[in-house]
Amino acid sequence: MPAFSHDFPFDPAYGYTREDLLAVPAPPAPADFAAFWRARHEAARAIATAPVVGPVEEVRDGVRVYGVTYASVGGVRLGGWLVLPAEDPVEQGFVVGHGYGGRDEPGPDVPLPLPRSAALLPCVRGMATRGRHPGIPDRADAHVLHGIGSRDTYVIADCVADLWCAASALLELVPELTAGVRRPAIGYLGESFGGGLGALALPWDERFAAAQLTVPTFGNHPLRLTLPCAGSGESVRAYHRAHPEVADVLRYFDAATAATYLRLPTLTAPALFDPSVPPPGQFAVHNALAGPRALHVLEAGHFAYEGAEREARDLREARAAFFATHLG
């Protein structure tokens, strides 16, 4: 296990060895877990996303980047970026989730894992900069509590729907992805918040063919509630102390539980040391995957350390090879 110097008042490795992490299970699903998410998915698929593409904002790494907006559930209109090859024809597409805090630009998500790819990079509701919405906090510690009193009002459910609607918008904007094929060639990329949302979204949507989740959050909530952290999970822990009944709501938003339904080829990149997203929850997502899975372990997540650039490069190479096999 890595040994990092830090000043957190807790151990971001939580005393787990790699062998311990690979044994962390998923909590059992509520009886109506799948029915809940399938109904949510059906409602999102019924949305006319009406995507609107703005002018080119930048050209780099062989792609053109456009601003884009689209409609999602609840009458919310969201923004993000559409990425298209500058010259080549489109052969596959991606929906790319983001970490808690949102995104101000496409950033390191471009270049995409494979050449000749299109992508939609949404900002889910409440998140900077193009997902901000009146009444939804844009700070992670408050956003993660928005509507948490009920599974039917919890913002995380709508954020998952925002990803489904992003896929609908992408397929409308890039009809090449469905022309002459039985199934769209869409991959999903998500890190941290986006990794957890992806695990919740992907089991129910047949349009996706493969996924890569980096340091995914929301895994094994019963365990997460016992682990201090520096991320949004600490807000949930504090809320749970005052409202223990919220544990029943969180059962429907457990990324590890959802992973037991996830049969797409999935590459996970959990970390051994992470002060923001406890590693046991990250590994619980990987361990629970029901389909073909690949594991790329990181030394640390949400933490600056020597070797981070090398690890990021290695992960990009592993991601490209993975999608070349399962999507290209």
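Tabulated data for the structure shown
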| read-out | value |
| --- | --- |
| Segment 272-324, relative contact order [Cα under 8 Å, separation at least 6], % | 43 percent |
| Helix runs (DSSP H) in the chain reaching 15 Å along axis by Cα, Kyte-Doolittle at least -1.0 | 33-45, 155-173, 308-326 |
| Solution diffusion estimate, µm²/s, Stokes-Einstein, segment 23-161, Kirkwood Rh from C-alpha pairs, 25 °C, viscosity 0.890 mPa s | 148 µm²/s |
| Relative contact order of segment 197-328, pairs being alpha-carbon contacts under 8 Å that are 6 or more residues apart, as % | 31 percent |
| Euclidean distance of C-alpha centroids, segment 308-324 and segment 89-157, integer Å | 22 Å |
| Packing-based exposure ordering (other Cβ within 10 Å, fewest first) of Thr260, Thr69, Thr226 | Thr226, Thr69, Thr260 |
| Amide H within-cut-off set for Glu58, under 5 Å, with H built and near neighbours excluded | Val65 |
| Kirkwood-Stokes translational diffusion coefficient of the chain, alpha-carbon pairs, 10 °C, 1.306 mPa s, µm²/s | 81 µm²/s |
| Per-residue Cβ neighbour rank within 10 angstrom, fewest leading, Ser5, Ser276, Ser72, Ser150 | Ser5, Ser150, Ser276, Ser72 |
| Helix-only mean residue ellipticity at 222 nm for the chain, each DSSP H run of n ≥ 4 adding -39500 (n - 2.57), per residue, nearest 500 | -9000 deg cm²/dmol |
| Fewest-first sequence of Ile148, Ile186 by Cβ atoms within 10 Å of each Cβ | Ile148, Ile186 |
| Base-10 log of normalised Debye intensity for segment 150-216 (one unit scatterer per alpha-carbon) at q = 0.29 Å⁻¹ | -1.29 |
| Nonlocal amide H pairs with Arg103, under 5 Å, H built at 1.01 Å | Ala128, Thr129, Arg130 |
| Ranked by how many other beta carbons lie within 10 Å on average, peptides 81-88, 282-289 from highest | 282-289, 81-88 |
| Mean Cα-pair separation over length for segment 32-326, i.e. relative contact order, pairs under 8 Å, 6 or more apart, % | 15 percent |
| Rounded to 5, percent antiparallel among DSSP beta bridges of the chain | 45 percent |
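A short reminder: the numbers here are calculations on the coordinates, not readings from a lab. Every value quoted in this text rests on a predicted model; they were computed, and no experiment measured them. We place every Cβ from the backbone using ideal geometry, glycine too, and count neighbours over all the protein chains shown.
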